[in-house]
């Protein structure tokens, strides 16, 4: 089992280029590889998070619309902890409960609206967590790859001058080694950039859903605790 793998690695031109590279070029490639692995870890984590959120939002809304009062909705929130709407509801419900205990009605609707906005802001912050790292990988790794490429080209021309020959055989391996860094930079940057835009839209959609739910919450509060 080990022998075929060893033969495969031995025959890999990219691996040979990597093993023959100078330490700076190797460090650049390893940094790009680490950035790629890191970004894919974030991408998968975000994808799982938004998948859970969408399912929980749908189920929570169904339960909320079937309930006749806020107390029944509050009892159901424990089943849908992944839903951002639960946090928004809890913020608003706490403020409504405080006002009802004081005056048996919702006498300050503006305070309830502000409290709902606080819940929305908290959930948006949670959804946007680590998104800046995807943006960083998308913007920085092409330049790191370019650095590796430039360094490889410099080495290639140094080798060319030392060899005293202008043949493709003398300069080709160095140029190929340099271009590997460019490819690695793009390999890390493109998925990160696409994912950043994709999840950014998911965050905006979630924000819109929470804003709509806040309106539903206010309608329910007015119906149940109208003066």
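The values are calculated or read from the model by the stated rules, or taken from the named source; none is laboratory data. Bear in mind the structure is a predicted one, so any value in this text is a computation, not a measurement. So basically every Cβ, Gly included, is an ideal-geometry build from the backbone, and we count neighbours across all protein chains shown.
Looking only at residues in region 204-224 that are surrounded by fewer than 18 Cβ atoms within 10 Å (Cβ to Cβ) and in contact (Cβ under 8 Å) with a residue 24 or more places away in the chain, which one is nearest to residue 69 (Cα to Cα)?
Applying the first criterion (surrounded by fewer than 18 Cβ atoms within 10 Å (Cβ to Cβ)) to region 204-224 yields 204-205, 207-208, 211-212, 215-216, 218-219, 222-224.
In the following step, the residues that additionally are in contact (Cβ under 8 Å) with a residue 24 or more places away in the chain were identified as 207, 211, 216, 218, 222, 224.
Values: 207: 24, 211: 20, 216: 12, 218: 12, 222: 11, 224: 7 Å.
So, considering only residues that are surrounded by fewer than 18 Cβ atoms within 10 Å (Cβ to Cβ) and in contact (Cβ under 8 Å) with a residue 24 or more places away in the chain, the one nearest to residue 69 (Cα to Cα) is 224.
Quick one: residue 212 ticks every box in (1) modelled with pLDDT under 75; (2) in a helix (DSSP H, G or I) bar one, so which box is it?
All conditions are met except number (1).
Run down 115, 110 and say which single residue is more than 30 Å from residue 187 (Cα to Cα), part of a helix (DSSP H, G or I) and in contact with a helix residue (DSSP H, G or I) (Cβ under 7 Å, 6 or more places away or on another chain). Outline the logic, then answer.
On the way: 110 fails: in contact with a helix residue (DSSP H, G or I) (Cβ under 7 Å, 6 or more places away or on another chain).
Unique residue meeting the criteria: 115.
Select from region 158-182 the residues that are modelled with pLDDT of 70 or more and surrounded by 13 or more Cβ atoms within 10 Å (Cβ to Cβ) and list them in ascending order. Lay out the reasoning, then the answer.
Taking region 158-182 first, the residues modelled with pLDDT of 70 or more are 158, 175-182.
Result: 175, 176, 177, 178, 179, 180, 181, 182.
Which of (1) assigned to a helix (DSSP H, G or I); (2) at pLDDT below 95; (3) surrounded by 12 or more Cβ atoms within 10 Å (Cβ to Cβ) is the odd one out, the single condition residue 21 does not satisfy?
Failed condition: (1).
What do you reckon, is residue 89 buried (at least 17 other Cβ atoms within 10 Å of the Cβ), at pLDDT 90 or above, part of a helix (DSSP H, G or I) and out of contact with any helix residue (DSSP H, G or I) (no Cβ under 6 Å at 6 or more places or on another chain)? Talk me through it step by step, then tell me what you get.
On the way: buried (at least 17 other Cβ atoms within 10 Å of the Cβ): yes; at pLDDT 90 or above: yes; part of a helix (DSSP H, G or I): yes; out of contact with any helix residue (DSSP H, G or I) (no Cβ under 6 Å at 6 or more places or on another chain): yes.
Against the criterion (buried (at least 17 other Cβ atoms within 10 Å of the Cβ), at pLDDT 90 or above, part of a helix (DSSP H, G or I) and out of contact with any helix residue (DSSP H, G or I) (no Cβ under 6 Å at 6 or more places or on another chain)), residue 89 qualifies.
Any chance region 192-199 includes a residue that's exposed (fewer than 14 other Cβ atoms within 10 Å of the Cβ) and at pLDDT 85 or above? Before the answer, list the steps.
Taking region 192-199 and keeping what is exposed (fewer than 14 other Cβ atoms within 10 Å of the Cβ), we get 194, 197.
Restricting the remaining residues to those that are at pLDDT 85 or above gives 194, 197.
Scanning region 192-199, I find at least one residue that is exposed (fewer than 14 other Cβ atoms within 10 Å of the Cβ) and at pLDDT 85 or above, so the answer is yes.
May I ask you to verify whether residue 71 is over 30 Å from residue 176 (Cβ atoms), surrounded by fewer than 14 Cβ atoms within 10 Å (Cβ to Cβ) and free of Cβ contacts under 8 Å to residues at least 24 places away in the same chain? Break it down stepwise before answering.
On the way: over 30 Å from residue 176 (Cβ atoms): yes; surrounded by fewer than 14 Cβ atoms within 10 Å (Cβ to Cβ): yes; free of Cβ contacts under 8 Å to residues at least 24 places away in the same chain: yes.
Yes: the conditions hold for residue 71.
Taking the condition of being buried (at least 19 other Cβ atoms within 10 Å of the Cβ) and either over 19 Å from residue 225 (Cα atoms) or modelled with pLDDT of 85 or more (or both), how many residues in region 100-114 meet it?
As a first pass, look at region 100-114 and keep what is buried (at least 19 other Cβ atoms within 10 Å of the Cβ): 106, 112.
Restricting the remaining residues to those that are either over 19 Å from residue 225 (Cα atoms) or modelled with pLDDT of 85 or more (or both) gives 112.
Residues that pass the stated criteria total 1.
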